[in-house]
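Okay, so here's the structure we're looking at.
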Amino acid sequence: MERLRFKYKDGNEYQDLKEYLLGNISVIKTGDLNVQDALLDGLYPFYDRSVDVKALNVYSFDKEAIIYPGEGSKFYPRYYIGKFALHQRAYAIFDFDNKVIPIFIYHYLNTQNNHFLKTAVGSTVKSLRMNCFEKCKIKLPMLLEQEKIGGFLSSIDKLVDKQRKKVGLLKEVKKEYLQKIFRQELKFKDKNGNDFPKWRKTNLRNLSDLITKGTTPKTYTIEGINFIKVESIVNKKVDTEKCSYINSKTHYGVLKRSIIQNEDILFSIAGTLGRTTIITEELLPANTNQALAIIRLSVNNSVSKKYLMSNIYRSKVARYTYENVTVGAQPNLNLEQVGKFPIELPDIYEQEKIVRFLGSIDKLVEEQENKLFQYEQLKKGYMQRIFA
C-alpha cells in the first residue's frame with residue numbers, strides 16, 4: 001500500500017521519515033496507586049488496567065500524556081492533557097523530545113497493538129514491561145507533517161466521538177421509553193381511541209411449550225450444522241461467522257434435545273447473561289450448548305415474540321436475573337429460574353403497537369450505528385495509508 005503523505009503548500013513532500021526508539025524521545029513511568037483507592041466521584045481521572053476510567057482525589061501527573069494499561073488481551077493508548085491518577089500497573093508516556101508532537105505519537109501507537117502483544121510476557125494474561133515501550137520503534141516525519149497528521153486524524157476522532165454519543169443517547173431514549181411502557185406510564189390506545197384491557201401477570205413457563213438447553217459436543221467440525229454460542233449473538237442477531245459447526249450424527253444424536261426450531265427464542269443463562277435472539281429459518285439446522293436456554297412459546301398463546309424480548313430486556317426482569325443468579329466460576333441461571341421470569345402481558349394488539357414503536361427507535365439506532373461504523377472504517381483506512 002502506498003503511503004499517504006502530507007505536503008508543503010507548494011506541493012513538495014516533506015523530508016523522509018526517521019526512526020527512533022520511544023524510550024529515547026520520551027519519559028515513561030508507571031503509577032503507584034491501587035484499584036481499591038478509586039472513588040465514585042473523585043476530582044481526577046484514574047487510569048488502571050480496565051477499560052473504564054475511575055476517579056481519585058489525588059493525582060499522579062499533570063502532563064500531556066499517552067496512557068497504557070499494563071495488562072490485557074489488547075493494548076491501545078489513551079490520550080489525556082491535565083492532572084490524572086495512575087495505577088501501579090499502568091504506564092504514562094510524556095515529556096516528549098522537541099522533535100515530537102504528542103498527538104502524532106498517540107495516533108501512531110494506535111497502530112502498534114501487534115508490537116505490544118508480541119513483546120508482552122505471560123500466557124494467560126498478557127503483561128507489558130517497561131522495555132516493551134522503550135524499544136518500540138517510532139517512524140517520525142518532520143514536525144510540520146506530524147502536526148498535519150495529528151490534526152487530520154483528531155478531526156476524524158471528533159466525528160467518531162460525536163457519532164458514538166448520538167448512538168448512546170438514542171439507546172438511553174429507548175431505555176427510558178421501555179421503563180415508561182412497562183411501568184404503564186406511557187399507554188397506547190386502540191383504533192377507537194380507547195384504553196386496551198388491563199395487563200395480566202404471568203411467567204415464561206406458562207407461555208411456553210418448552211424451555212431447555214443443550215450441552216457441549218465432544219468435537220466440532222470445519223463445516224456442517226450451525227452450533228450457536230453466547231458470543232454468536234450480537235445485537236439480538238446471530239452472527240454466523242461466530243458460530244461453530246457440528247455433524248449430523250451429533251446433532252440428531254447426543255444433542256437431539258437441543259435441536260433449535262424456527263422462531264425459537266435463545267436466552268443466554270451462563271457467562272454473559274441476557275443476550276437474546278429469535279431464530280430465523282435461514283439459520284437452520286442449528287443447535288446450541290448449556291449456556292443458552294431455548295424457549296419455545298405455545299402456539300395457542302397470544303404472545304408476540306418481539307414483545308417478549310422487549311419485556312425480558314426491561315429493568316424489572318434484569319433485577320430478577322441478578323437477584324437469582326448463581327455466582328461461581330461464571331454467573332448462571334438454571335431452567336427453573338428462567339421459567340419463573342415475570343412477564344406482564346397486554347392484549348396482543350397492544351403488544352404489536354409496542355413492538356412497532358420500539359422497532360422505530362431500533363431502526364434509528366441501527367442507522368446511526370451504521371454511520372458510526374462508516375466513520376470508524378474511514379479512520380482505519382486513513383491510518384493504514386498514513387502509517388504504511
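Read-outs throughout are calculated quantities, based only on the coordinates presented, and are distinct from any laboratory measurement. Given the structure is predicted, the values throughout are model-derived calculations rather than measurements. Reconstructed Cβ throughout: ideal geometry from the backbone, glycine too, with neighbour counts over all protein chains shown.
Worth a mention:
- Top positive-direction residue, dipole computed over the chain with Cβ charges, set Gly42, Leu273, Leu284: Leu284
- Rounded to whole numbers, the Karplus 3J(HN,Hα) couplings from phi for region 2-7 are 6, 6, 7, 10, 8, 10 Hz, using 6.51 cos²θ - 1.76 cosθ + 1.60 with θ = phi - 60°, and x at Gly and Pro.
- Cα centroid separation, region 210-275 to region 114-151 (Å): 40
- Per-residue HN-Hα couplings for region 13-26 [Karplus 6.51, -1.76, 1.60; θ = phi - 60°; Hz; x = Gly/Pro]: 7, 6, 5, 5, 6, 10, 9, 9, 8, 4, x, 8, 10, 7
- Angle in degrees between helix 143-182 and the longest Cα principal axis of the chain, rounded to the nearest 10: 20
- The angle between the Cα long axis of helix 315-324 and the main principal axis of the chain comes to about 90°, on a 0 to 90 degree scale.
- Rounded to the nearest 20 debye, the dipole magnitude of region 18-140 is 540 debye, with +1 charges on Lys and Arg beta carbons, -1 on Asp and Glu beta carbons, and the Cα centre as origin.
- Set of aspartates and glutamates near Lys9 by C-alpha distance (under 18 Å), chain-local residues within fewer than 8 positions excluded: Glu145, Glu147
- Total charge dipole magnitude, region 53-205, about the Cα centre, Cβ charges on Lys, Arg, Asp, Glu only, Debye to nearest 20: 1180
- When the P(r) is computed for the chain, the part past 29 Å accounts for 60% of the Cα-Cα pairs.
- When only Cα pairs below 8 angstrom with a gap of at least 6 residues are kept, the chain shows a relative contact order of 16 percent.
- Global form of region 18-140, assessed from the alpha-carbon gyration tensor, a/c cut-off 1.5: oblate
- Value of relative contact order over region 18-140, rounded to a whole percent, pairs C-alpha under 8 Å and six or more apart: 33
- Point-charge dipole on Cβ atoms (K/R +1, D/E -1) for region 200-345, about Cα centre, debye to 20: 420
- Take the Cβ atoms of Asn98 and Lys165, set R0 to 45 Å, and the FRET efficiency comes out at 0.80.
- Degrees, to the nearest 10: 348-386 long Cα axis against longest axis of the chain: 20
- Charge-dipole axis of region 18-140 as Lys and Arg at +1 and Asp and Glu at -1 on Cβ define it, positive-most pick from Leu33, Asn131, Phe84: Asn131
- Listed residue (Ala293, Ser155, Gly339) projecting farthest to the positive dipole end of the chain, Cβ model: Gly339
- Antiparallel beta bridges, as assigned by DSSP with both residues in the chain, represent about 90 percent of the total such bridges.
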